[in-house]
Amino acid sequence: MRKNKIGGKNLDVYGVYRISGVNLDNLVNTLKNKGVAIRDFVKSDNKTAVLSVSFADTKKFFAITREMCYNIEKVGEKGRHRFLLKILRNAGLFIGALMFFAVAALTDDFIFSIDYYGSGSVFSREAEEYLNARGVKPFTRFSEFDLAELSDGILACSDRISFAECVKSGNRLKVNLVLKTEPLKTLGGDSDSLLSDVDGEIEYIKVYRGTALKRAGDRVAVGEAVVGGFAVIKDTEVKTGVIATVSVKAEFYYEYLSEKDGDETTAEIFARAAFGDGEILELTVEKSALSNGDYGYSVKIIYRRILYG
């Protein structure tokens, strides 16, 4: 039975060498006459050239040039199978790595990387120190930790972060951090209620005094109360000031008209200038051709607004 195997003669791989010496043309003729497959012979001057030698003829190439007065330096490899050759040279390492990642991918429970996002990522070191102290590192398991508990722990360990959220995304742990843009002293407890100044979806509510009128996932409209200035004690409603923070995900739209095709960048610049307060999470631009020959650019900004009361 005929067996298929990969050997030196089957690989389309050429070693690239820089050669210094005299009579380089004579050297090339000698190599060709002795059956060494070479190509891409290029002289940079009378005593220096670069040529490629077939991987199958490498030993023969060095055997012929060993007794000659040439300086030979390997500068690289090329050919269709150069990556296959690299794998064959490091077969044990590749097989071990493939087995580990295959098992990890099947279980989908290993943390391969921890990535930090959001405006608060500038303080990711504090979050990283907290996670390390809890034993959350690459190649540990998601099932060993409660992501909501980790989120609260990160928020509690830094007074410069207003929002923290740990999310599993495949084998990555994504840590979204929002920088605190308002000083804590704004939570004075003087207001009767906390009203939303945007239309959007509530991401979280943290109430320190008062009563939450909404919960995560609810829609809220401009002017609608999110936290009420009261508390119920033994079936009795007691008036109190509000101390709370609320995160709302909202959308902002901007229309830009232009005579130019491909003016998306300008549309984005004007939209950002018109946009108010909040952390931009996503920005998209859609172009449409108008009947008068102009172009309309619709900019959509998804952003996060932190409300304080």
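What follows draws every value from the coordinates through simple rules; no lab data is involved. All figures in this text were calculated on a predicted structure; none of them were measured in a lab. Here Cβ is always computed from backbone atoms with ideal geometry, including for glycine, and neighbour counts include all displayed protein chains.
Would you list 269, 72, 111 from fewest to most Cβ contacts within 10 Å?
Final ranking by Cβ density, sparse to dense: 269, 72, 111.
Enumerate the amide H contacts of residue 224 below 5 Å, restricted to partners 5 or more residues apart or on another chain; note that Pro and chain-start residues carry no placed amide H.
196
Using θ = phi - 60° and the Karplus form 6.51 cos²θ - 1.76 cosθ + 1.60, what ³J(HN,Hα) does each residue of region 63-78 get, whole Hz, x for Gly and Pro?
The phi angles translate into 5, 6, 8, 4, 8, 9, 8, 10, 8, 10, 10, 7, 10, x, 9, 8 Hz.
Mind sorting 233, 19 by how few other Cβ atoms lie within 10 Å of their own Cβ, fewest first?
Fewest to most other Cβ atoms nearby, the residues stand as 233, 19.
About the Cα centre of region 184-248, what is the dipole size in debye to 20, counting +1 per Lys and Arg Cβ and -1 per Asp and Glu Cβ, all else neutral? Spell out each step's value before the answer.
On the way: 8 positive and 10 negative charges, 61 e Å.
So the magnitude is around 300 debye.
Read phi for every residue in region 13-25 and hand back ³J(HN,Hα) as whole Hz from Karplus 6.51 cos²θ - 1.76 cosθ + 1.60, θ = phi - 60°, with x for Gly and Pro.
Couplings: 9, 10, x, 9, 10, 9, 10, 10, x, 9, 6, 5, 5 Hz.
Please list 3J(HN,Hα) in residue order for region 27-38, calculated via the Karplus relation 6.51 cos²θ - 1.76 cosθ + 1.60 where θ = phi - 60°; whole Hz, with x for glycine and proline.
5, 4, 4, 4, 4, 5, 5, 9, x, 8, 7, 10
Take every Cα pair under 8 Å in region 8-85 that's 6+ residues apart, average their separations, divide by the length, and report that relative contact order as a whole percent.
Relative CO of region 8-85 lands at 49 percent.
Please report 173, 147 as a ranked list, fewest other C-beta atoms within 10 angstrom at the top and most at the bottom.
Starting with the residue having the fewest Cβ neighbours, the order is 147, 173.
Antiparallel DSSP bridges in region 113-179: what percent, to the nearest 5?
Working: 8 of 13 bridges.
Antiparallel bridges make up about 60 percent of those DSSP assigns within region 113-179.
Once both labels are modelled 7 Å past Cα along the beta-carbon direction, what's the residue 289-residue 274 spacing in nm?
2.4 nm
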